[in-house]
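K.L.:
Below: one structure in structure tokens.
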Amino acid sequence: MREARKRVGPKRARIRPVIERLAIAHQDAAIALTFRSPLELLVSVMLSAQTTDVNVNRVTATLFEKYRRPEDYLAVPQEELERDIFATGFFRQKARSLRGTMQMLLERFDGEVPRTLDELVQLPGVARKTANVVSSELGHPEGIVVDTHVRRLSQRLRLTRQDDPVKIERDLIRLVPREDWGRFPHLLIWHGRRVCIARMPRCEDCVLTDLCPSSRV
Ligand code: SF4
């Protein structure tokens, strides 16, 4: 591995070309959730825990016709909301979090979705990762979203030696230029889905082979 690292050079020198090449290769890289407002974004991200974006979009296509304002989530019995989000899994916990969040939006934030990470993590059931995705999509990235793809690719590209998402994020924040905090995770996620696949990375089709210590070609 030391040989490979020597071949590709230090990560500080590699990060910009990595971002630039991925941006060209994945020009469509963006969040895969469908939403029309900050509220729909927040709900979609909360529902996306432990399930796929495709599944969430399927559920929210009808959900968002029925629930348009924070008040709407509180106007029905909890069981009704649970039924409406059932297909996303963990529906009891998610319904509880959604109702708690809507309550707090109304009481503390005038019914609006706050923009900052500090405010977002106060919402019930909104962890740092959810808050990061929401603030980033709303144009105020304050951190870097680390999901399973970002974790795997950051490790394969040796941008971090850490395994814990919080520590990986800390490493990435030091390395990735601030203006790229929003798009960087999308680029890694799409590269991870299309090329640097978990079980079988397709190095022969990768634009990063000369910058990646894990390249097999
Ligand atoms: S060269 Fe291979 S391991 Fe490295 S990022 Fe590309 S696909 Fe992944």
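The values are calculated or read from the model by the stated rules, or taken from the named source; none is laboratory data. Bear in mind the structure is a predicted one, so any value in this text is a computation, not a measurement. When we count neighbours, we look across all protein chains shown, and the Cβ atoms used for this are built from the backbone with ideal geometry, even at glycine. When the accessible area is computed, the model is the full protein with side chains, heavy atoms only, and any ligands, DNA or RNA have been set aside. Shrake-Rupley method; radii C 1.70, N 1.55, O 1.52, S 1.80 Å.
K.L.:
Just to verify a result, which residue in region 130-148, among those that are surrounded by 21 or more Cβ atoms within 10 Å (Cβ to Cβ) and under 30 Å from A4 (Cβ atoms), is nearest to the chain's Cα centre (by Cα)?
P.N.:
Filtering region 130-148 for residues that are surrounded by 21 or more Cβ atoms within 10 Å (Cβ to Cβ) and under 30 Å from A4 (Cβ atoms), the one nearest to the chain's Cα centre (by Cα) comes out as V145.
K.L.:
For region 162-204, enumerate the residues that are charged (D, E, K, R), within 16 Å of the ligand (Cβ to nearest atom) and under 22 Å from R16 (Cβ atoms).
P.N.:
R194
K.L.:
For region 115-137, indicate whether the set of residues that are assigned to a helix (DSSP H, G or I), charged (D, E, K, R), in contact (Cβ under 8 Å) with a residue 60 or more places away in the chain and more than 11 Å from the ligand (Cβ to nearest atom) is non-empty.
P.N.:
yes
K.L.:
Might you check whether a residue that is at pLDDT 95 or above, part of a loop (DSSP other than H, G, I, E, B) and of a type outside the set (V, I, T) occurs anywhere in region 36-43?
P.N.:
Within region 36-43, one or more residues are at pLDDT 95 or above, part of a loop (DSSP other than H, G, I, E, B) and of a type outside the set (V, I, T).
K.L.:
Of the residues in region 61-90, how many are open to solvent by 60 Å² or more (accessible area, probe 1.4 Å) and among the charged types (D, E, K, R)?
P.N.:
The total comes to 7.
K.L.:
Turning to a different aspect of this structure: Within region 96-114, which residues are touching a residue at least 24 places away in the same chain (Cβ under 8 Å), open to solvent by 60 Å² or more (accessible area, probe 1.4 Å) and basic (K, R)?
P.N.:
R96
K.L.:
Give the residues of region 79-127 that are of a type in the set (S, T, N, Q) and over 17 Å from Q50 (Cβ atoms), sorted by residue number.
P.N.:
T101, Q103, T116, Q122
K.L.:
Testing R158 on (1) part of a helix (DSSP H, G or I); (2) over 13 Å from the mean Cα position of the chain (by Cα); (3) surrounded by 15 or more Cβ atoms within 10 Å (Cβ to Cβ); (4) not aliphatic (A, V, I, L, M), one condition comes back false. Which one is that?
P.N.:
Result: R158 passes all but (1).
K.L.:
Within region 78-101, which residues are under 17 Å from T62 (Cα atoms) and in a loop (DSSP other than H, G, I, E, B)?
P.N.:
Within region 78-101, just G89 meets the criteria.
A quick yes/no check of all residues on (1) more than 22 Å from D180 (Cα to Cα); (2) surrounded by fewer than 14 Cβ atoms within 10 Å (Cβ to Cβ):
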position	(1), (2)
E3	yes, yes
G9	no, yes
R16	no, yes
R21	no, no
A25	no, no
D28	no, yes
I31	no, no
E40	yes, no
V45	no, no
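K.L.:
Also: Considering only region 13-68, how many residues are of a type in the set (D, E) and in contact with an Asp or Glu (Cβ under 7 Å, 6 or more places away or on another chain)?
P.N.:
0
K.L.:
Please give the number of the condition V207 fails out of (1) in a loop (DSSP other than H, G, I, E, B); (2) within 17 Å of P10 (Cβ to Cβ); (3) within 11 Å of the ligand (Cβ to nearest atom).
P.N.:
(2)
K.L.:
Follow-up question, since we're still on this one. R152: touching a residue at least 24 places away in the same chain (Cβ under 8 Å), in contact with a helix residue (DSSP H, G or I) (Cβ under 7 Å, 6 or more places away or on another chain) and on the phi > 0 side of the Ramachandran plot, yes or no?
P.N.:
no
K.L.:
Of the residues G139, G192, which is touching a His at 6+ places or on another chain (Cβ under 9 Å) and among the small types (G, A, S)?
P.N.:
G192
K.L.:
Can you confirm whether C212 is in contact (Cβ under 8 Å) with a residue 40 or more places away in the chain, near the ligand (Cβ under 8 Å from one of its atoms) and over 15 Å from K11 (Cα atoms)?
P.N.:
When the stated conditions are applied, C212 does not pass them.
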